[in-house]
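Notes follow the structure.
Please treat every number below as a calculation from the coordinates, not as lab data. All of these numbers come straight from a predicted model, not from anything done at the bench. Note that each Cβ is placed from the backbone with ideal geometry, even for glycine, and that neighbours are counted across all protein chains shown.
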Amino acid sequence: MKFIDEARIEVHAGKGGDGVAHFRREKFVPRGGPDGGDGGHGGSIYAVANRNINTLIDYHYARIHRARGGENGRGADQYGKGAEDIVLRVPVGTVITDAQSGELIADLAAHEQKALVARGGKGGLGNLHFKTSTNRAPRQCTLGEAGESRELRLELKLLADVGLLGMPNAGKSTFIRVVSAARPKVADYPFTTLHPNLGVVRVAEDRSFVVADIPGLIEGAAEGAGLGHQFLRHLARTRLLLHIVDIAPFDDSVDPVKDARAIVNELKKYDQALYEKPRWLVLNKTDMLQADERDQALQRFLKAYRWKGRWFAISALTGEGCRELCFAIMDHLTEKQAA
Ligand SMILES: Nc1nc2c(ncn2[C@@H]2O[C@H](COP(=O)(O)OP(=O)(O)OP(=O)(O)O)[C@@H](O)[C@H]2O)c(=O)[nH]1
Ligand SMILES: [Mg+2]
């Protein structure tokens, strides 16, 4: 299955209708004045964010969007009819750039937010506009303007406060299931998660934050290994990253310290700004450790990994430590907001 969070489309707004040169013809009026109407405007194309849409998949199938042209003007002062606009519905969090120049066109971060992506051409002027005291029978009229045409790049960047980062099977989806109402699939094989999932974590009636669960990352992701690292874009707008580590891997040949380093390495390769975001270490699957050697095992890991930042030990399976972690996250986010 392909990970659809990016698309390239073409948008062609409609041409404006032409104005006409026409003269009044009426019985008993020998030389009627100019009465050529204006052309109607061409249809424009808008993008509108909608919270009920969550992928850009539709735009992989429908790549070309064309609005109609306006009608030409007619005689007897009749204006051409304007064409209808086209509205492209996209998920909230879609960033639209000009594919050629890279210019940012819109960042649709809120439901119903609307942006003009291709302007329809203005209608041309009919000759009734050109009448002057010295020229009572103008033959001039203008053509309708061309509509704007361009290629757009649509990119979905989820709007979440907290992003989950980790190897496949680390327990990211299990964590989001235990702390929120989100129900992503959990399984004991790698790359269970193919699409990002959002979960709302409610720590009190009026206090909540949004977590993004994304596919697992592996060494070499920057070069395309596993599912690649493109989905890291979803972490771009988060304010805190949780690096989830499986502290008790089933397979003895797996070294959690090496794995944790590999993840951070990939993060750095992807984007320095993401690498510099606040990041906490979350040691997961503590239920797999013997109670009497639990603390020792955690300390051993922290020492070997040389971690100086904040860390938490949890079991996403039993929920142990998850509540404390969520409260700490909420506090961190609120402090950040106040600052
Ligand atoms: N014992 C134990 N197992 C866990 C824990 N958390 C997750 N698991 C198991 O680990 C496996 C992988 O969990 P997922 O939540 O799917 O892992 P993920 O990080 O989302 O994996 P991908 O989506 O493949 O990247 C599943 O079999 C889970 O049941 C935990 O705290 N303790
Ligand atoms: Mg998962």
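Remark: spin-label model distance Gln290-Arg51 equals 5.1 nm, labels positioned 7 Å along the Cα→Cβ axis.
A straight chain from Lys336 to Lys185 at 0.36 nm per residue would run longer than the Cα-Cα distance by 51.2 nm. Exposure proxy for Met288, Met330: other Cβ atoms within 10 Å of each Cβ, ordered fewest to most, give Met288, Met330. Extents of the stretch 6-156, largest first, come to 66, 28, 25 Å (Cα atoms, principal axes, whole angstrom).
In the chain, the DSSP-assigned H stretches of four residues or longer account for a calculated mean residue ellipticity at 222 nm of -5000 deg cm²/dmol, using -39500 (n - 2.57) per stretch and the full residue count as denominator. When averaged across all projection directions, what area in nm² does the alpha-carbon convex hull of the stretch 266-325 cover? Averaging across all directions leaves 5.0 nm² for the Cα convex hull. For the chain, the longest principal axis of the alpha carbon atoms and the long axis of helix 256-270 meet at an angle near 20°. Working from label points 7 Å from Cα in the Cα-to-Cβ sense, the Arg323 to His111 distance is 3.1 nm. In order along the stretch 320-336, the phi-based Karplus estimate (6.51 cos²θ - 1.76 cosθ + 1.60, θ = phi - 60°) of 3J(HN,Hα) comes to 4, x, 6, 4, 4, 4, 5, 5, 4, 5, 4, 4, 4, 5, 6, 4, 4 Hz; Gly and Pro are listed as x.
Each of Ala118, Phe28, Pro138 was placed along the dipole of the stretch 1-139 (beta-carbon charges, centred on the mean Cα), and the one lying farthest toward the positive end is Phe28. Applying the criteria of a DSSP loop state and at most 15 other Cβ atoms within 10 Å to the chymotrypsin sites (Phe, Trp or Tyr not before Pro) of the stretch 242-286 yields Phe250. Evaluate the Kirkwood expression for the hydrodynamic radius of the stretch 171-309, namely the inverse of the mean inverse distance over all pairs of different C-alpha atoms, and round to one decimal in Å. For the stretch 171-309, the Kirkwood estimate is 16.1 Å. Start at zero, step by 10 Å, and the Cα-Cα distances of the stretch 102-233 spread as 10, 24, 21, 15, 9, 7, 8, 5, 0 percent across the bins.
Calculate, in whole percent, how much of the Cα-Cα pair population of the chain lies beyond 29 Å. Don't jump to the answer; show the numbers that get you there.
Numbers: 30484 of 57291 pairs.
Considering the chain, 53 percent of its Cα-Cα pairs are separated by more than 29 Å.
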